[in-house]
Amino acid sequence: MNASGVVELGPAELIERHQNGVWRYLRMLGCEAATADDLTQETFLRVLRRDTFVQHSDAATSSYLRRTAYNLLVSHHRKHGRVQNVPEPSQLDEIWNRWAGKDLSGDKAVETLRDCLSALTERAQLALRMRFADDASRNEIGSALEITEHGARNLMQRAKQQLRDCVEAKLEQDKDE
Amino acid sequence: MNKDLNPTEEHALDALLLEALGDAPPPDQTAKILARCHDVSEVVSSRAPKVVTSSGDRDRSKSSGWILLASAAVLAASLLIAFGWRSFRVAPDSIGAVAGGGKDPVAASSNEPNDLGLATSESVPVQKVPREQKPPRGIPLMVADRDSSNRDPKLQPENGPVLSQPQPAELTLVSKQVNSDFHAYWQAIGIKPSGDAPAETVVERLAMILGVELAESSLDDVAQLHDQLSSPAHANVIALNWLQQISEGGVANVKKDARAALVAELAACFQTNKRFDRVLAELVAGESPHSSTFYRAISVGSDQGNASVVRRLAALTMNVDLRCTRCHDSYIEGSGLQHDYWAFTALLRRGLSTGKGKSDPFFYELPDGRERLVEPLVAEAWINSDQPITNLRQWAERLEGSTELATGVVNSLWQLVHGQPLRGRVVDPISAPHNESLSRLEDQLAQDLIQSEFNVARTLSLIIASPTARQTIPPALLPENAFVADEADRRSALDAVNAFAASMPVPTQLSQAARLVEVSRAIGSHLQVQGDSLVGQADTSSANSASSQKSTNSLSVDLPSRADTLPVQWLGQIRDERIQIEHLGHLAGAGQLSSQVFDTAEQMRNAGVSEELCLQRVWWLIRR
């Protein structure tokens, strides 16, 4: 227990508790999976090696880890001279708190998303599956659905809006229960 | 509901959809992280590396990256800085919030300037900046492509708290590794080196650059090279030349005795008697007896107020390029926000000012003309820290042993030898093609510098011993072939030079006035010096046509005579020629350009010179 009366997690517990959240946060910032893996490791290494790090609460620790991950990502881009638009942390934090705020890991959000996907029309589900599971182009998706590329884009946009609303509604409902 | 998704939401949702549909859940890295934490073994990601279609090879190797952070410097008995910063408007009482996080208090605009003045208490020739001058307004920006798939998964470990400092590897081994890496780099980018020049040619070239005569035998013996560079006589000359470079000539305006004392302090580092990072940190923090001389040297320049200090200091100490962000956010390399620039400026101001006004709130002008409050701060992204740095001393302490400082110093030493930094900027006309190999080289040299306790003579010897320092000048760039070389050959030769695979002839050493004359002669105009002015007149008489033809034949060999590309492609985004030229001025670090430069450009356009050639010549006119 630390000076604030909080029972601190050991290193292994800390990692198990928060690594999914850090990884998903990095993915939301646009990292490829491999980069997210590496930066997640670096985030925890930095924090665990820091003598002054204190675990005030789960939420505070999660926020601290995400901020460290963000800085590492920006530095990573700068180091490699890449042109990248990284969202402002405040914007993404607001979205993160909406979707993953409760469990800090985003596990619930992903589970809810899977439920909401099944509520979409079959065409919308097919389009999204082709895009995200098969990495199909809009042209290919349009051909499969017998619509134009533009039509495929609009279909997926509408589907994503519906998913967003569905996920937020369900998470809000769970929060109230 | 169905409100449109904003881009950030869409990004976030896409990431979750990839996981939900692509069955790519977050991996359990507990064991790996714990292993690295205990330094049991180095592990890499369990995912298969994705093939990158760029010219670099993807290499997952990681360097050890342990850094020792020095403790705080001892305060000097008195702060000797006579470096005045002009006062700024006091914020109205109603403004209380600190700028940042989207909540920007924007003050009502007033007639007071927000630029920094420059004043010294001694009679050092320094440009005075009128208070009315403000930073230029913003211009259309190039915005990064959000969907860019140019993502490099290679990760180099960043700074971290130090547990222990490893010893540097044996110098010869490091030198061999650098040599091998450079050959790999050239192969990766498809550039063939021009070939080794004779030792005597290399020695002569280095003598012109560094001001020291090195033994020919030392070119093949990096240890001998190190011994020569760290000898007292050589160290003094090299330190002066290095200071000349980082101050862009400003050190010449400092009083002789003070200059000699500062050079001796830096020379002690080249002699390996002192740690370079510690000396620099003390200079920067104002805790060295030579701090005022140092700041005086780096503040001299043609641009407004203390912009020179901010730009040069950021480049040296953090390897950050601030040429663009004085006036607007920089998106070309994602390297900074205007707010970060001014926050750093405010930090320097508050740390270095004496007397009244140093704690006054600080405002800067946004591209749209509004003014914004800023608090002193070093951007976290610049120093890779999650702890805010809000004062000068804290920042200087942070620099000691840091990767940022090491990288900045490596690039400055590289530029001393090669005329351009190792890893340049995308905004620059001349920069080596960037890929992972080049990044790795830069990291390797930076880490070696850190591990050697900032032994700059060692780093300089590695640079000189590398194959880049001994390449020949390609035939297409030889002065005697200036007017006969094929354009394709010339371009290919310049590509090799940019990649350090070939050498350039010694550039023209002309003053800007002389260059203006050259450019005017090239279009058949004739400039005369009348008093302090250059007076131009169109040369239309046939009697003079023979002489003007003769003049053309004796023009400087590196004056561009043909061009089908702009000096930098992003200039094409700017429609207004005057603004294009202003941007070249900022790129050259020249700040505000004289009216003669603009007039000469107009004369060229009136003479039918193409936009590309006109701007190439303007670049030749103003670059250092």
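The values are calculated or read from the model by the stated rules, or taken from the named source; none is laboratory data. Please read these numbers as outputs of a predicted model, since none were measured by experiment. Reconstructed Cβ throughout: ideal geometry from the backbone, glycine too, with neighbour counts over all protein chains shown. Ligands, DNA and RNA are stripped out before the accessible areas are found, and what is left, the full protein with its side chains, is counted by its heavy atoms. Shrake-Rupley method; radii C 1.70, N 1.55, O 1.52, S 1.80 Å.
Sort A:Val7, A:Val167 from largest to smallest accessible area, using a 1.4 Å probe on the heavy atoms of the protein chains.
Ranked from most to least accessible, the order is A:Val7, A:Val167.
Let's see if you can work this out: charge +1 on each Lys and Arg Cβ, -1 on each Asp and Glu Cβ, no other charges. What is the dipole magnitude of the range B:355-463 about its Cα centre, in debye to the nearest 20?
So the dipole magnitude of the range B:355-463 works out to roughly 260 debye.
Could you please put A:Arg131, B:Arg323 in sequence from largest to smallest accessible area, using a 1.4 Å probe?
Reading off the accessible areas and sorting them downward yields A:Arg131, B:Arg323.
Once a ≥ b ≥ c are taken as the square roots of the eigenvalues of the Cα gyration tensor of the range B:326-429, is the result rounded (a/c under 1.5), prolate (a/b larger than b/c) or oblate (a/b not larger than b/c)?
Here the range B:326-429 falls in the oblate category.
Can you give the accessible area of B:His290, probe radius 1.4 Å, in Å² rounded to 10?
That residue has around 40 Å² of solvent-accessible surface.
7 Å from Cα along Cα→Cβ at both B:Thr565 and B:Asp221: what's the point-to-point distance in nm?
Spacing of the two 7 Å Cα→Cβ label points: 4.3 nm.
In peptide A:129-136, what is the residue-averaged number of other protein chain Cβ atoms found within 10 Å of each Cβ?
Across the residues of A:129-136, the mean count of other-chain Cβ atoms within 10 Å is 4.
Just tell me how shielded A:14-23 is by partners: mean number of partner chain Cβ atoms within 10 Å of each residue's Cβ, no decimals.
Counting Cβ atoms of other protein chains within 10 Å of each residue's Cβ and averaging gives 3.
If you average the C-alpha positions of the range B:213-239 and of the range B:387-450 separately, how far apart do those two centres end up, in angstrom?
23 Å
I'd like the interface area for chains B and A: accessible area of each alone minus the complex, both sides summed, 1.4 Å probe, protein heavy atoms only. What is it in Å² to the nearest 100?
Approximately 7200 Å², summed over both chains.
What span do the alpha-carbon atoms of the range B:452-505 cover on each of the three principal axes, reported in whole Å from largest to smallest?
Its Cα atoms span 49, 17, 13 Å along the three principal axes.
Please list B:Arg617, A:Arg17, A:Arg129 from largest to smallest accessible area, probe radius 1.4 Å, with all protein chains kept in place.
Listed by decreasing accessible area, they come as A:Arg129, A:Arg17, B:Arg617.
Can you give the FRET efficiency for B:Leu510 and B:Asn6, using 1/(1 + (r/R0)^6), R0 = 51 Å, r = Cβ-Cβ distance, to the nearest 0.05?
Calculated value: 0.45.
How high is the FRET efficiency between A:His150 and B:Ala31 when r is their beta carbon distance and R₀ equals 45 Å, given to the nearest 0.05?
E between A:His150 and B:Ala31, to the nearest 0.05, is 0.40.
Solvent-accessible area per residue for the range B:194-261 at a 1.4 Å probe radius, Å²?
47 Å²
Report, in whole Å, the centroid distance computed from the Cα atoms of the range B:567-588 and the range B:247-298.
Here the two parts' Cα centres lie 34 Å apart.
Mind pulling the per residue volume of the convex hull built on the Cα atoms of chain A? Å³ is fine.
Here the figure is 140 Å³ per residue.
What fraction of the Cα pairs in the range A:102-177, stated in percent, has a spacing above 21 angstrom?
Counting every Cα pair in the range A:102-177, those more than 21 Å apart make up 33 percent.
Can you pull the mean other chain C-beta count within 10 Å for peptide A:38-49?
Whole-number average of other-chain Cβ neighbours for A:38-49 is 6.
Would you mind checking the range A:86-127 for residues with the amide N under 12 Å from a putative spin-label position 7 Å along Cα→C-beta of A:Ala169?
Counting only backbone N, you get A:116, A:119-120.
Please list B:254-262, B:200-208, B:414-422, B:595-603 highest first by mean number of surrounding beta-carbon atoms within 10 Å per residue.
Top of the packing list down: B:414-422, B:595-603, B:254-262, B:200-208.
What Rg and what Dmax come out for the range B:425-480 when only alpha-carbon atoms are used, in angstroms?
According to the Cα coordinates of the range B:425-480, Rg and Dmax are 14.7, 46 Å.
Which entries in the list A:Lys102/A:Lys160; B:Lys32/B:Lys176; A:Lys160/B:Lys32 go over 24 Å, if you measure between the two C-alpha atoms of each?
B:Lys32/B:Lys176; A:Lys160/B:Lys32
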